[in-house]
Amino acid sequence: MSYDLKQLIAAAGSHAELRIQTTRRRQVSVLSGDLVSNVSGTSSGACARVYNDGVWGFASESGKNSDCAERLIASAAENARLLGSRKPKNLGALDNAVPFCFETDKTYKDVDQKTLINFATELDAYIGKKYPSLASRSISARAACVEKTLYTSEGGFTHQLFPRTYIIVAMSADAPDGSTVELFDILGGGAGGFGEYYRDPAEFCGQIDSLYDELMKKREGIYPDAGECTCIIDSSICGMVAHEAVGHTVEADLVAAGSVALTSLNCVVASPLVNLSDFAHTAFGKEVPLPVYADDEGTKAQDVTLIKDGVLVGYMNDLMSAKHFNMTPAGNARAFSYSDEPLIRMRNTCIHPGKDKLSDMIASVDNGYYLTRTQNGQADTTGEFMFGITMGYEIKNGKLGRALRDTTISGVAFNMLKTVDMLSDTVMWDFAGYCGKKQPMTVSMGGPAIRCKVNIGGR
């Protein structure tokens, strides 16, 4: 079968890709003792894409019948021919596609729904018994695995597994002023099966207790004074800056559409302390949360340096944009479903750590805030951003003070990054989210704690 497919895709006449994909997904949610979601499903399909002088033809169908490959390649080639005839681009051959072969040595052990339900129910029962005064509590356990096999006309072949498992715990409580405050956290998880990370619910009781303690502090919290101030932004928020406020501006398709990075290449965009990369599969000597070894165009995945010593030095590309910008493609073309075409996407985007201790960073602030948790954020291609802050503390005379209520921070990324003057020596990753650029995509983001100036909202 593999030999026949290789021969078939090689006969396409120009760069072509054939991708076969299966996605398995499981999720259960328990809300204040009640099972409110119990979902499992598997979807399978195949797609083909053929390049023709600057345009792509694409075709997909569900299932994996043995005769669908020839039909898909023929349909994609005809779509490319038709699009090219109506709007010729005269860009010539796609000559930067290099054959790459990779086959994962990993396996994925699925989990049954009963195991997920029992684990989530035990965690919920612990919270309900120990903290009965909470307004609400929820546990959501999720396990998924995407399996992709890709053939390219140049002779490339890749087979990869992309598993992801995590549990979200959320709590809310009534505050003295009649409002409701809430917090959530991720309990363990990573790029693997459920059984690799979750064996005994009791292992997570300490983390749940810490989340409750923070919630109680927030319940008595204050609103910050609005305006620009010195803040220490913890790793999860730093990762959001790396992804939302910077990462999207340096995706080459958005650069070509006019993002702020179009005129910023080789310019100073941050403090010389700031280095930012989109990592493929390894960072700082360890495997990243969502390792990618090849993208969905068959390109070998390599790290992309975006900011080096404060200077913007690169973009994230697919094959076509790399040809346009005269850059080397590094594996950033990714598709979510078998019915999706690859787009330029981030993988594991992270600001590099510095040399400072977090305790010294806090001690260096006379009057400011330590911001620790975010729930959401948005940014546009100018680099302007606004993130919701769900937890933080005031800093007075170098010491942590009262907790903060929900607030926001905002600014322009390249301006804010120029004010960075301290970075902690540790990096933390967030890996449980999806990026919503046209199609959802699993991503991870991370960084150290950073000290900078940023606009913070008030009440």
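The values are calculated or read from the model by the stated rules, or taken from the named source; none is laboratory data. These numbers were taken from a predicted model, which means no experiment stands behind them. When we count neighbours, we look across all protein chains shown, and the Cβ atoms used for this are built from the backbone with ideal geometry, even at glycine. Keep in mind that these areas ignore ligands, DNA and RNA; they rest on the heavy atoms of the full protein, side chains included. Shrake-Rupley method; radii C 1.70, N 1.55, O 1.52, S 1.80 Å.
For the structure I just gave you, tell me whether Leu265 is modelled with pLDDT of 95 or more and closer than 16 Å to Cys435 by Cβ. It is false that Leu265 is modelled with pLDDT of 95 or more and closer than 16 Å to Cys435 by Cβ.
Among the candidates Leu94, Leu72, the residue that is in contact (Cβ under 8 Å) with a residue 12 or more places away in the chain, assigned to a loop (DSSP other than H, G, I, E, B) and surrounded by 12 or more Cβ atoms within 10 Å (Cβ to Cβ) is uniquely Leu94. Among the residues examined, Val169 qualifies as open to solvent by less than 20 Å² (accessible area, probe 1.4 Å), in contact with a Lys or Arg (Cβ under 9 Å, 6 or more places away or on another chain), under 30 Å from Lys106 (Cβ atoms) and not in a helix (DSSP H, G or I).
Among the residues of the stretch 428-444, are any within 30 Å of Glu341 (Cβ to Cβ) and in contact with a Cys (Cβ under 6 Å, 6 or more places away or on another chain)? There is at least one residue in the stretch 428-444 that is within 30 Å of Glu341 (Cβ to Cβ) and in contact with a Cys (Cβ under 6 Å, 6 or more places away or on another chain). For Ala12, the test of being in contact with a Gly (Cβ under 6 Å, 6 or more places away or on another chain) and within 20 Å of Tyr151 (Cβ to Cβ) is failed. Per the conditions (1) open to solvent by 40 Å² or more (accessible area, probe 1.4 Å); (2) touching a residue at least 60 places away in the same chain (Cβ under 8 Å); (3) out of contact with any Asp or Glu (no Cβ under 7 Å at 6 or more places or on another chain), the sole criterion not satisfied by Cys47 is (1). All conditions in (1) closer than 30 Å to Phe204 by Cβ; (2) among the hydrophobic types (A, V, I, L, M, F, W, C); (3) touching a helix residue (DSSP H, G or I) at 6+ places or on another chain (Cβ under 8 Å); (4) not in a helix (DSSP H, G or I) hold for Leu116, with the sole exception of (4).
Of everything in the stretch 137-159 that's in contact with an Asp or Glu (Cβ under 6 Å, 6 or more places away or on another chain) and under 30 Å from Asp95 (Cα atoms), which residue is modelled with the lowest pLDDT? It comes out as Thr152.
The single condition among (1) in contact with a Phe, Trp or Tyr (Cβ under 9 Å, 6 or more places away or on another chain); (2) charged (D, E, K, R); (3) without any contact (Cβ under 8 Å) to a residue 12 or more places away in the chain that Lys217 does not satisfy is (3).
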